[in-house]
Amino acid sequence: MIKDAEDKGLITSGKTTLIELTSGNTGIGLAFIAALKAYKLLLVMPASCSLERRIILRAFGAEIHYETTGPEIWRDSAGKVDALVAGIGTGGTISGAGKFLKKQNPEIKVSDEEAIETAKQLALKEGLLMGISSGAAAAAAIKLAKRPENAGKLIAVVFPSFGERYPSTILFESIRHEVEQMTVD
């Protein structure tokens, strides 16, 4: 999506500031590319995002400018994105880069509970320590594969997150509590 925006003349390396509202994986992908291509990246994230994700984002040089909590988390965060764009000026920014990706993906609904359960099953049954986003991607691929029009087709999935980003989240909550209660014999 960055290359596409560059090819269209919408952004320029070293000049454009990218601003994105993210809960993690899109932001991590953007941070990686922004570091590689010399873009300044400002991310607006909810406070519920894991410490591990924030560390990864900062390691790539992304700036996390706002965190929020509460029932209006995405609306409030979107307002912060608008304020950041207004503060910098639209000539030097592009926001909502993740919207470009969403246009290219089939719409498949996966609940948080399904994503977490699928991620747990990937570890237990397949030996793949994946994150919640990968659980969501796998659950979506399974749903897509079950559609009649996909009978006999090979469905491939890209796992966007590994388990090391999630120890402080709900994904490993029960295991974390178990490990914290262990004593030395």
Inset, instruction - With the checklist (1) farther than 18 Å from Pro167 by Cβ; (2) in contact with a strand residue (DSSP E or B) (Cβ under 6 Å, 6 or more places away or on another chain) in hand, flag the one item Ala119 doesn't pass. - result: (1)
Inset, instruction - Inspect region 99-122 for any residue being surrounded by 13 or more Cβ atoms within 10 Å (Cβ to Cβ), at pLDDT below 85 and hydroxyl-bearing (Ser, Thr, Tyr) and give the result as yes or no. - result: no
Inset, instruction - Could you run through region 142-185 and say how many residues are in contact (Cβ under 8 Å) with a residue 24 or more places away in the chain, of a type in the set (A, V, I, L, M) and not in a helix (DSSP H, G or I)? - result: 0
Inset, instruction - Could you check how many residues of region 9-59 are of a type in the set (Gly, Ala, Ser), buried (at least 19 other Cβ atoms within 10 Å of the Cβ) and not in a loop (DSSP other than H, G, I, E, B)? - result: 4
Inset, instruction - Filter region 123-136 down to the residues that are under 15 Å from the mean Cα position of the chain (by Cα) and touching a residue at least 40 places away in the same chain (Cβ under 8 Å), then identify the one that is surrounded by the most Cβ atoms within 10 Å (Cβ to Cβ). - result: Gly131
Legend entry - Within region 54-72, tally of residues that are out of contact with any helix residue (DSSP H, G or I) (no Cβ under 7 Å at 6 or more places or on another chain), at pLDDT below 90 and either within 17 Å of Ser161 (Cα to Cα) or among the hydroxyl-bearing types (Ser, Thr, Tyr) (or both): 3
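The values are calculated or read from the model by the stated rules, or taken from the named source; none is laboratory data. Computed from a predicted model, the values in this text were never measured in an experiment. Using ideal geometry, Cβ is built from the backbone for each residue, glycine included, and neighbour counts are taken over all protein chains shown.
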